[in-house]
Amino acid sequence: MSKINAALTGIHACVPEYILTNEELSTMVDTTDEWIQSRTGIKERHILKGEGKGTSDMGAKALLGLLEKSNTKAEEVDLIICATVTPDMLFPATSNIIAHKAGCINAFAFDLNAACSGFLFALQTGRMYVESGLYKKVVVVGADKMSAIVDYTDRKNCILFGDAGGAVMLEPTTEDYGIIDADLHTDGSGKDFLYQKAGGSVYPPTQKTVANREHYIYQEGQSVFKFAVSRMADVSADMMTKHNINPEELAWLVPHQANLRIIDATARRMGIRKEQVMINIEKYGNTTDATIPLCLHDWESQLKKGDKLILAAFGGGFTWGALYLKWSYDGSQVKKLV
Ligand code: UT7
């Protein structure tokens with residue numbers, strides 16, 4: 001019997017309407033457009049506004065778009081995995097809420113948290129359900145409302161993050177397309193450099209945790225930066241070597257969008273040109289679990305069947321990894337949603 005591969009057969013992503021520019025941020029904290037652009041590459045990011053709106057709203061919108069584009073009925077979806085660090089609530093899982101909002105009544109659903117590497121970890125998990133032959137339509141969502149945990153008085157962090165959601169469909173194929181390999185890692189000693197301290201079981205919410213601003217992101221930027229540059233570059237370059245992909249053969253590097261300087265360093269280490277790298281950080285900032293599907297969505301019309309892609313990420317935990325994928329359809333043929 002031929003081996004079953006998990007092919008990525010559709011993609012959709014969305015960002016909220018409100019655009020928070022560097023100019024507006026410079027009226028909120030002591031910063032400048034020049035500093036933000038030169039240190040990060042970010043010009044603006046989208047923010048989800050409105051009472052009662054959360055990560056599931058963006059995840060469900062992305063999923064509904066995906067179903068429409070791929071002519072899939074909501075009831076046909078078997079499984080939804082949502083990668084997020086900003087769940088609507090601690091429980092139930094945000095994936096459950098997304099399934100409900102999108103009408104996926106036959107799907108089982110769960111969340112997965114691997115910080116900014118979550119989308120890659122979820123893709124690898126979804127791949128296993130498809131390759132095993134157990135399920136035929138597996139949706140992987142990456143969505144985060146980072147604005148919910150950003151301290152807009154902290155100039156080091158508030159300039160970095162934005163909100164977005166994306167969703168991809170994984171389906172079985174016996175052709176030589178889809179997810180070929182993944183190399184994923186975690187190192188829990190990194191927990192001291194990037195975290196949200198309070199709100200979990202160790203430090204449940206109290207007046208003190210609120211007063212100490214412990215429900216917001218804490219990050220030691222330089223330590224994370226150094227780790228990110230070395231680990232994301234190494235794991236991506238190793239993936240190319242392992243599969244004998246020479247730099248010209250790679251159609252696209254799809255990197256997590258955290259900092260333009262980290263992306264550039266990764267591309268240099270892989271020996272690829274800037275034109276081979278998907279970069280949209282200037283428009284969206286770091287949307288955590290949504291950066292990679294947002295890139296695939298923005299570049300979908302340029303993607304061709306058989307294109308070799310490396311997806312790479314790193315994040316809090318620490319977590320990091322690279323995933324090698326052969327694209328399975330001609331993106332220029334996909335219907336556009338208005
Ligand atoms: O996806 C999650 C993983 N996270 C990341 O990938 C983030 C990794 N880290 C980074 O991208 C960078 O470390 C940052 C963009 C967060 C910071 O850039 P940096 O070049 O490492 O700056 P720094 O933290 O070393 O700060 C340099 C200076 C400091 O001033 P002094 O001490 O040299 O006088 C900061 O206080 O820049 C100052 N600074 C700012 N100035 C203007 C920090 N934030 C700002 C700001 N505007 N927003």
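The values are calculated or read from the model by the stated rules, or taken from the named source; none is laboratory data. A quick note: this is a predicted structure, and the numbers were derived from the prediction, not measured. Every residue, glycine as well, gets a Cβ built from its backbone with ideal geometry; the counts of neighbours run over all protein chains shown. Ligands, DNA and RNA are stripped out before the accessible areas are found, and what is left, the full protein with its side chains, is counted by its heavy atoms. Shrake-Rupley method; radii C 1.70, N 1.55, O 1.52, S 1.80 Å.
Of the residues making up segment 134-149, those that are out of contact with any Pro (no Cβ under 7 Å at 6 or more places or on another chain) and either within 12 Å of the ligand (Cβ to nearest atom) or over 16 Å from M58 (Cβ atoms) (or both) number 6.
Each residue in segment 319-337 was checked for being buried (at least 24 other Cβ atoms within 10 Å of the Cβ) and among the aromatic types (F, W, Y), and 1 of them qualify.
Residue by residue, here is whether (1) touching a strand residue (DSSP E or B) at 6+ places or on another chain (Cβ under 6 Å); (2) open to solvent by less than 10 Å² (accessible area, probe 1.4 Å); (3) not in a helix (DSSP H, G or I) holds:
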{"site": "T241", "(1), (2), (3)": "no, no, no"}
{"site": "L253", "(1), (2), (3)": "yes, yes, yes"}
{"site": "I263", "(1), (2), (3)": "yes, yes, no"}
{"site": "E282", "(1), (2), (3)": "no, no, no"}
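The criterion of being in contact with a strand residue (DSSP E or B) (Cβ under 6 Å, 6 or more places away or on another chain) and free of Cβ contacts under 8 Å to residues at least 24 places away in the same chain does not hold for N157.
Conditions (1) open to solvent by 10 Å² or more (accessible area, probe 1.4 Å); (2) assigned by TED's automatic domain parsing to the domain that holds V15; (3) under 20 Å from the mean Cα position of the chain (by Cα), marked per residue:
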{"site": "D33", "(1), (2), (3)": "yes, yes, no"}
{"site": "Q37", "(1), (2), (3)": "yes, yes, no"}
{"site": "I42", "(1), (2), (3)": "no, yes, yes"}
{"site": "K53", "(1), (2), (3)": "yes, yes, yes"}
{"site": "N71", "(1), (2), (3)": "yes, yes, no"}
{"site": "I80", "(1), (2), (3)": "no, yes, yes"}
{"site": "V85", "(1), (2), (3)": "yes, yes, yes"}
{"site": "F91", "(1), (2), (3)": "yes, yes, no"}
{"site": "D111", "(1), (2), (3)": "yes, yes, yes"}
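Being crowded, with 18+ Cβ neighbours inside 10 Å and small (G, A, S) is a property that does not hold for G200. Which residue is least open to solvent (accessible area, probe 1.4 Å), if the candidates are limited to segment 208-230 and must be aromatic (F, W, Y) and closer than 17 Å to W320 by Cα? Among those residues, the one meeting the criterion is F227.
Scanning segment 93-103 for residues that are in contact with an Asp or Glu (Cβ under 7 Å, 6 or more places away or on another chain) and either part of a helix (DSSP H, G or I) or open to solvent by less than 10 Å² (accessible area, probe 1.4 Å) (or both) turns up T94, S95, I97. When A13 is tested against (1) touching a strand residue (DSSP E or B) at 6+ places or on another chain (Cβ under 8 Å); (2) farther than 30 Å from L90 by Cβ, exactly one condition is not met: (2). Would you mention how many residues in segment 145-191 are part of a strand (DSSP E or B) and charged (D, E, K, R)? Result for segment 145-191: 5.
For G165, state whether it is at pLDDT 95 or above, more than 16 Å from the ligand (Cβ to nearest atom) and over 30 Å from H243 (Cα atoms).
Details: at pLDDT 95 or above: yes; more than 16 Å from the ligand (Cβ to nearest atom): yes; over 30 Å from H243 (Cα atoms): yes.
So G165 fits the description; yes.
Can you name every one of the strands (runs of 3 or more DSSP E) wholly within segment 1-91 that holds 3 or more residues which are away from the ligand (no atom under 16 Å from the Cβ)?
5-14, 79-83
Scanning segment 226-258 for residues that are touching a helix residue (DSSP H, G or I) at 6+ places or on another chain (Cβ under 7 Å), within 14 Å of the ligand (Cβ to nearest atom) and free of Cβ contacts under 8 Å to residues at least 60 places away in the same chain yields V229, A233, P255, Q257. Within segment 298-318, the residues that satisfy the criterion of being closer than 23 Å to S147 by Cβ and surrounded by fewer than 24 Cβ atoms within 10 Å (Cβ to Cβ) are D298, G316, G317.
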